[in-house]
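Here's the structure we're looking at; comments come further down.
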Amino acid sequence: MRGGRHVAAVTGATFDLAAGECLALVGESGCGKSVLASALLGLLPGNAQTGGSAVVDGTDLLTADERTLARSVRGRRVGLVPQSPAAHLTPVRTVGDQLAETVRALTGLRGPAARKAAAEAADRAAFPAGHLDRYPHELSGGLAQRAATALALVGDAPLLLADEPTTGLDRDLVEHTADELRRHADQGRALLLITHDLAAAQLTADRVAVMYAGRIVELAPADAFFGEPGPRHPYARGLLAALPEREFTPIPGLPPELGDLPPGCAFAPRCARADARCEAVPALGDGVACHHPHDGAAAAGPGEPAPVRGDRTTEESPRV
């Protein structure tokens, strides 16, 4: 940044993701979720720096050069549903043309076969066939989102990064998109779902990773997170309590600026459990980064969500 200042947008994010599994990365806006997705595809701005490794099918995405990313990673090994779909659609090409071009590039199909595959991708994303001849500026936000989802599904990439794929969609389309993304994983592919839509995460995820102020603060099986015993981190419990179908109680305060984080635990200024121990940054251990995690099926305290059993149950996926 200016003056030689650095901002740690994402710090110490560690997780694995198996074939056939969906990991939902959730948290408030500005916590670093989309930055993480951009880092995995080499799409960070020029002044960004990365460290560590992110290995997919033997390729380290963080150290791969642009030629490797462009020719063998993006769209082929790793697909992306972008957070801002309108910015990723070519403004001078119709949606149908862009789908057909993507089919040709990723599958090698030509002519009628390519057009058929493009129409099938549009149908999977609930994009109306009658709108395929429209240009991006003629689309609503929801239609642009569905067009971007269709493009991401074309290659059936082994890993799909879906960054806020339900933005601008009504509830029926949210459920359709969640079902299609779940089907992508059920067919033996991996899905990283980045969202603040906890309802979509509950429909789709096998595991949930909660991010706050650039750090993963909880990693848990989805059925335990949304059902019993519920989240262990106070911030994660607050996210569920804020849902209208639960307590509709907001978390007090605001997330900190990533360039001006408080010392120790970044959530401490908003946490009713904070004490002197929280002056040290908690490490992520046993699935939670908190000095005072909620454990077991203890009754919820004031302002905390009571455990509610989720609709989905899943078996533990094999780790890789």
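The values are calculated or read from the model by the stated rules, or taken from the named source; none is laboratory data. Given the structure is predicted, the values throughout are model-derived calculations rather than measurements. Quick reminder, even Gly has a Cβ in these numbers, built from the backbone with ideal geometry, and neighbours come from all protein chains shown. The area values use the complete protein model at the heavy-atom level, side chains included, leaving out ligands, DNA and RNA. Shrake-Rupley method; radii C 1.70, N 1.55, O 1.52, S 1.80 Å.
Where a ≥ b ≥ c are the square roots of the eigenvalues of the C-alpha gyration tensor, would you call the range 5-116 rounded, which needs a/c under 1.5, or, failing that, prolate if a/b is larger than b/c, or oblate? The shape class here is prolate. Calculated accessible area for the range 183-291 comes out at 42 Å² per residue, all protein chains present (probe 1.4 Å; ligands, DNA, RNA ignored).
Compactness of the chain, taken as the C-alpha radius of gyration over 2.2 N^0.38 Å, stands at 1.03. Placing a label point 7 Å from the Cα of ARG110 along the Cα-to-Cβ direction, no residue of the range 58-75 has its backbone N under 11 Å from that point. Take the alpha carbon gyration tensor of the range 64-192, find the square roots of its eigenvalues, order them as a ≥ b ≥ c, and report rounded if a/c is under 1.5; if not, report prolate when a/b exceeds b/c, else oblate. The shape class here is rounded.
In this structure the range 1-157 gives 50 Å² per residue of accessible area when probed at 1.4 Å with all protein chains present.
The slack between THR59 and ASP97, meaning 0.36 nm per residue of separation minus the straight C-alpha distance, is 10.6 nm. Sorting 165-171, 283-289, 230-236 by their mean Cβ neighbour count within 10 Å, with the most densely packed peptide first, gives 230-236, 165-171, 283-289. Once the Cβ-Cβ distance between THR14 and SER72 is put in as r, and R0 is 35 Å, what FRET efficiency do you end up with, to the nearest 0.05? Given R0 = 35 Å and the Cβ-Cβ separation, E is 0.90. With all protein chains in place and a 1.4 Å probe, the accessible surface of the chain carries 52 percent carbon and sulfur.
Taking all Cα pairs closer than 8 Å and separated by 6 or more residues, the relative contact order of the chain comes to 23 percent. Where both residues lie in the chain, what percent of DSSP beta bridges are antiparallel, nearest 5? Percent antiparallel among DSSP bridges in the chain is about 35. A simple packing score, the average count of other Cβ atoms within 10 Å per residue, orders the peptides 194-201, 208-215 as 208-215, 194-201, with the highest score first. Charging the Cβ of each Asp and Glu at -1 and of each Lys and Arg at +1, and nothing else, the dipole of the chain about its Cα centre rounds to 860 debye. Of the peptides 45-56, 241-252, the order by per-residue mean of other Cβ atoms within 10 Å, starting with the highest, comes out as 241-252, 45-56. Could you calculate the FRET efficiency of ALA280 with GLU257 from 1/(1 + (r/R0)^6), where r is the beta carbon distance between them and R0 is 25 Å, rounded to 0.05? Calculated value: 0.75. Remark on the chain: CYS22, CYS31, CYS271, CYS290 stand apart, with no other cysteine beta carbon under 4.7 Å. For the range 116-233, the calculated P(r) over all alpha carbon pairs, in 10 Å bins from 0 to the bin holding the longest distance, is 13, 42, 31, 11, 3 percent.
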